[in-house]
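Read through the structure below, which is laid out as structure tokens, and then see the notes.
The values are calculated or read from the model by the stated rules, or taken from the named source; none is laboratory data. Keep in mind the model is a prediction, meaning the values are calculated, not measured. All Cβ positions, glycine included, derive from the backbone under ideal geometry; neighbour counts span all protein chains shown.
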Amino acid sequence: MPIVPPERADAVVRKLLAGGVAAIPTDTAYGVAALATRADAVRALAHLKGRGEDQPVALLFDSAAVVAGYLADPRALDRVMRFWPGALTAVVRVRPGCGLSAPAVAADGTIGVRKPNDPIARLVIRECGGLLAVTSANRHGEPPAATARAVVATFGMGLLILDGGERPGALQSTVVDLTCDPPRIVREGALSAEELGLPPPA
């Protein structure tokens, strides 16, 4: 079985650092992860999901200081830091030549970043340099996987999976575009527009 317990997180870290793809638990559901700085790994992740390179993959981080090094404005995340860790994805611009590329970076030069509220996920992210490209562990149109065995059922025996137990299956994260002023809610999810002090999405 390709499922490993939390105490074997090092096996998943080694797989990711080598440019591989693996599944990890997050605070909402299981996600399929790859090194954000390895374009070939992120492309392999997109291929596994059946996604095109024109569909950006969210980036999960453990330390905002790591993310700031990739941004056009290192202080772009300051206004939303109080909502992390948690279910908020912030869209921000990267600086040219930062080392990230599609599909981690959208065609308009932006990335979507989030700090998950899960210690297992953040441990793996931290051990992998602080930034991972992660997308939900499911096929397009299917519900996200809440257990490691559900990931196996979707992707088969060839994918290494870190078992974090059953996930809560919480609402998807709220997406806020910080590239405009005032910020704009792209998708309302677990955090409401009222909680964020912003108008609801049009």
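So how many residues does the range 129-157 have that are surrounded by fewer than 22 Cβ atoms within 10 Å (Cβ to Cβ) and assigned to a loop (DSSP other than H, G, I, E, B)?
13
State which residue is surrounded by the most Cβ atoms within 10 Å (Cβ to Cβ) when the search covers only the range 80-121 and only residues that are touching a Ser or Thr at 6+ places or on another chain (Cβ under 6 Å) and of a type in the set (D, E, K, R).
If we take residues in the range 80-121 being touching a Ser or Thr at 6+ places or on another chain (Cβ under 6 Å) and of a type in the set (D, E, K, R), then Arg114 is surrounded by the most Cβ atoms within 10 Å (Cβ to Cβ).
Does Leu17 satisfy being under 21 Å from Gly86 (Cβ atoms) and in contact with a strand residue (DSSP E or B) (Cβ under 8 Å, 6 or more places away or on another chain)?
Details: under 21 Å from Gly86 (Cβ atoms): no; in contact with a strand residue (DSSP E or B) (Cβ under 8 Å, 6 or more places away or on another chain): yes.
No.
Scan the range 166-188 and report the pairs whose first residue is at pLDDT below 90 and whose second residue is buried (at least 18 other Cβ atoms within 10 Å of the Cβ) and among the hydroxyl-bearing types (Ser, Thr, Tyr), with Cβ atoms within less than 6 Å and a gap of 6+ or a chain change.
As it stands, the answer is Ala170/Thr28, since those pairs meet every condition given.
Which of the numbered conditions does Arg167 fail, given that it passes all the others? Conditions: (1) touching a Ser or Thr at 6+ places or on another chain (Cβ under 6 Å); (2) assigned to a loop (DSSP other than H, G, I, E, B); (3) surrounded by 19 or more Cβ atoms within 10 Å (Cβ to Cβ).
(1)
Could you check the range 1-104 for strands (runs of 3 or more DSSP E) lying wholly inside it with 2 or more residues that are small (Gly, Ala, Ser) and closer than 23 Å to His140 by Cα? First the steps, then the outcome.
Numbers: elements: 22-25, 30-35, 59-61, 88-93.
Hits in the range 1-104: 22-25, 30-35.
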